[in-house]
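One structure is given below, encoded as structure tokens.
The values are calculated or read from the model by the stated rules, or taken from the named source; none is laboratory data. Small disclaimer: the values here were computed from a predicted structure and weren't measured. No Cβ is skipped: glycine too gets one built from the backbone with ideal geometry, and neighbour counts run over all protein chains shown. Protein only, heavy atoms only, side chains kept; ligands, DNA and RNA dropped before computing areas. Shrake-Rupley method; radii C 1.70, N 1.55, O 1.52, S 1.80 Å.
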Amino acid sequence: MPLLNKLRTAVPGTPGGDPAARSLSRLRTALTLFFALDGFLFAGWVVRIPAIKEQTGSSPSDLGLALLGVSAGAVVTMTLTGRLCRRFGSHPVTVAAAVLLSLSIALPPLTHSALTLGLVLLVFGTAYGGINVAMNSAAVDLVAALRRPVMPSFHAAFSLGGMFGAGLGALVAGGLSPTAHLLGLTVAGLLLTAAAGPVLLRHPCPAPPEALPAEKAPGGRRLDRRARGAVAVFGVIALCTAYGEGAMADWGALHLEQDLAAHPGAAAAGYSLFALAMTAGRLSGTALLQRLGQTRTLVAGGATAAVGMLLGALAPTVWLALAGFAVTGLGLANIFPVAVARAGALAGPGGVAAASTLGYGGMLLGPPAIGFLADWFSLPVALTTVAVLAGGAAVIGYAARNASTVR
């Protein structure tokens, strides 16, 4: 897994560095693997949605309601995971959620109705929400301890894991049943957790080198109204972006297969191409931010994603739609990390947590909304809402360009 901004040793010129630096390096590697695992498993599930939809005999609205199980489980868990992290630590919670996520991904192909699928996805969503909050909390602590802006590398790992998960799904979609495929992902997830989990369990969350003021510390006093409002603005930007990512994950393959008559392998490759473009965008995010700055990166990314999604949703051919998906991935790539970083600059790690929760809410609530809109209008029309929200993120990002840091 490529890592950005490699750690410098504490004492330049010494071969091994000090134990603290080596510990942080191991933590970063293990945490990167968990981000990649999350993307890998999630993508493995979404590329099999068309097959499981056919297996359960679900209509678009039925499938949308079933997908709401993921949203409901995740949103409820997100409100509780912070407390669990404060009580037990974000590292053990990350490992436990990874185990549950790996086990629950094998359950959807065992269902034969929209109702049972929704109940199973409630469990999957619980694990998905838990691991995202826990590992992002761990990443915030690690970034503070490193004093380096390495958060994009974790999000790039998630996207890279999604690319590999979707690519594997594309390869096996035509010849391997969803049951065998997702059971294999369970085994892979448990093996990786067994390999990387002990590193997190042996090393506690690193304390930041300088404590934040009480009003900015997680679990400390409430932020004032101005700070909460500014954090909410960047949380909404993250939500607009994550809405598109969730829609692409759950409905992109179905759009290609159902509306454009794509082969199942080509349909699965649509999300893989989107994830590849997003990964490339995030790996180059630091250079882009240095060149354009945060506001221009937000505006350019939102505008690019809007154009790309209009092409992906309304194109008459598979290849044009795939090109649109790739452009969408490039546009969306850095909006979420930038929005979260701005929230963190305004309110510290508490702002990061609030914006991330709003963002993941958009990722989880978007797919059911697409399902209902597809039933009322059509799936291509429903997918144009991704373009509308991406454009909205660009407008909000420009309007919030003068938001000042709360220090």
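Taking the Cα centre of the chain as origin and assigning +1 to Lys and Arg Cβ atoms and -1 to Asp and Glu Cβ atoms, the resulting dipole is close to 1700 debye. Helix 294-314 and the long axis of the chain differ in direction by around 10°, with both axes built from C-alpha atoms.
In region 18-170, the portion of solvent-accessible area held by carbon and sulfur atoms comes to 70 percent [1.4 Å probe, whole percent, DNA, RNA and ligands not counted]. The share of Cα pairs per 5 Å bin across region 241-307, counted from zero up to the longest distance, runs 4, 16, 21, 22, 16, 11, 7, 4, 1 percent.
Based on DSSP H segments of at least four residues, each scored -39500 (n - 2.57), the chain has a per-residue ellipticity at 222 nm of -28000 deg cm²/dmol. So what does log10 I(q)/I(0) come out to for the chain at q = 0.06, 0.09, 0.12 Å⁻¹, using the Debye formula with one equal point on every Cα and no solvent? The calculated log intensity ratios at q = 0.06, 0.09, 0.12 Å⁻¹ are -0.21, -0.49, -0.89. Here the convex hull built on the C-alpha positions of region 148-202 has a volume of 79 cubic angstrom per residue. Each 10 Å bin, from zero up to the one with the longest distance, holds this percent of the alpha carbon pairs of region 41-186: 12, 36, 34, 14, 3, 0. Both the radius of gyration and Dmax for region 250-388 are 15.8, 48 Å, in that order, over alpha-carbon atoms. Summing charges over all other residues whose Cβ lies under 13 Å from the Cβ of Gly293, with Lys and Arg as +1 and Asp and Glu as -1, gives +4. Annotation for Leu314 and Ser113: the two label points, set 7 Å from Cα along the Cα-Cβ direction, are 4.1 nm apart. The gain in end-to-end length when the Leu183 to Ala287 segment is fully stretched comes to 33.5 nm, 0.36 nm per residue minus the alpha carbon separation. Take Phe40: with every protein chain present and a 1.4 Å probe, its accessible area is about 40 Å². In angstrom, the C-alpha Rg and Dmax of region 268-310 are 11.6, 34.
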